[in-house]
Amino acid sequence: MASTAQTSDAALQYVDTHQDEFLEGLKDLLRIPSISTLPKHRKDIQRAAKFVADAMEEAGLKKVKIIKTDVHPLVYGEWLEAKGKPTVLLYGHYDVQPVDPIDLWDSPPFEPTVRNDNIYARGAVDDKGQMYALILALKSLMTTTGGLPVNVRVLIEGEEEYGGESIEKYVKEHPKKLACDVALVADTGMPAPGVPALVYALRGILYTEIHAQGAKHDLHSGEYGGVAPNPIHALAEVLLGLKGPDGHITLPEIYKRIIPMTDEERDLWDRNPVDVIASMKHEMGVDMLPGEQEYDPRERQTARPTLEVHGIKGGFVDEGAKTVIPAEATAKVSLRLPPGLRPMDVLPMLRKRVAELCPPGVKMEVRLIHGGDAVLVPLENVYLRAAERALEQEWGRPPVFERSGGSIPVGALFDSELHAPIVFMGTGLPDDNIHAPNEKYHIPNFYHLIRQAIRFLDIIGSDPAIVSRPGSAGASAKANGKAAAPKAGAASKPRTATKASAKSK
């Protein structure tokens, strides 16, 4: 195999000369409506899994396999011929969110359309474009050098948007098959164009349905109004009671369990050249940010617990009028949980509080849909430093370090089951409309991600601090930075934090 410098240069040049081919491949993947939450798209899920498996084989991976599960298939591939080098687990997902409301799309969600250097389609950035970029990075290295600078395992799932139960079961049952020194995840973003980022923390999630049952059947509001329980009214009372107008959630125990942010983290955030607060207001089209006003909006967005209502179903909602008192109603409610809070600990708190708030005459049940733990990656570990170098090489400026308000349950899964540090280095943008109409991916960022993944693999394949202990980093606290990490919630300053602070947008 060629030297590291030659490997990187040749692979990077290959990316530059095959951009059109790579983009067309992405378009083919985006045309598959692989919506994991809707049973009618089960065949499309199968098609997408086959596409990913074919792409892995074309990239040169071995033992590529579509793994059947109880829900949607996983796709696995590996290349383990870099003797004495670390092993990297690459993760992504090929499933996507539903497209509703369809009438708000400017172009069909599964007919990828290029406008102003952006590609518009459902799944463009979350996560087909970013997942596919990682596979293309492997292809570029394999094609130009005949091998990889590190050992690689790739595991792609098809139900990330559906709870991820299958991958959780598989990882827990096959930890040795997935043994790795570091996991690389590209399902995150950047604060602004041209400003690369490494995400070191993610919130967990508890997603539930609150079901309210009143009478045994719908009732005429003229005959029963004034005496019949109304589940929609009851739900409204409960939802108002769960969170006050100040944004404070009325489950007091959760605030006692949060791992607090440190002054070091806040200082690190202040070195971000992007005015995150102004950017949030601009993206949402609002002039104020509700919530716990005593906390910085950046902290409210990423490091505080939240409770949101996603939809309410019940009664009559068609055109015209129908004077009905519904027998039942359901609200979909989720909580985002910062480090220190686990969904299975919060669920009984929520059930207890709902029972306390439920008015007489109505029965309520809190049903678990899915959950995932939070992730807090120590800032001082060799892989995060390698990622920092890779991004600085690719973008010509050091990355910023961020917490994300979103949840990637697989991050906590890899941490707990594989004992490997996770590097989150995606290239999405705040205006990419993730989970919304007109989802897009900035095409130059697609190529940047391919290139920065190549650089990252090359760096960890040649860094003496990493190569000197292959196979041990996943289990060694010293190697992944945990031994050097401060007490829970604390964060050490990254190697180039001071340098990053000197940069402006």
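FYI, it's all coordinate maths here, none of it is from the lab. All values derive from a computational prediction rather than experimental measurement. Here the Cβ positions follow ideal geometry from the backbone for every residue, glycine too, while neighbour counts run over all protein chains shown.
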Treat the count of other C-beta atoms within 10 Å as a stand-in for reagent exposure and order V309, V274 from fewest to most.
V309, V274
Using the Cα centre of the stretch 1-158 as the reference point, and only Cβ charges (+1 on K/R, -1 on D/E), how large is the resulting charge dipole? Debye, rounded to the nearest 20.
700
Ranked list, fewest to most other Cβ atoms within 10 Å of each Cβ, for I249, I66:
I66, I249
Sequence-separation-based contact order of the chain, relative, with Cα cut under 8 Å and 6+ spacing, percent:
24
For the chain, the dipole about the Cα centre with charges only on Cβ (Lys and Arg +1, Asp and Glu -1), to the nearest 20 debye, works out at 1480
If each residue's Cβ is checked for other Cβ atoms within 10 Å, how do T208, T113 rank with the fewest at the top?
T113, T208
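Can you check what the Kirkwood hydrodynamic radius comes to for the stretch 241-305, Cα pairs only, in Å to one decimal?
After inverting the mean inverse Cα-Cα distance, the result is 13.4 Å.
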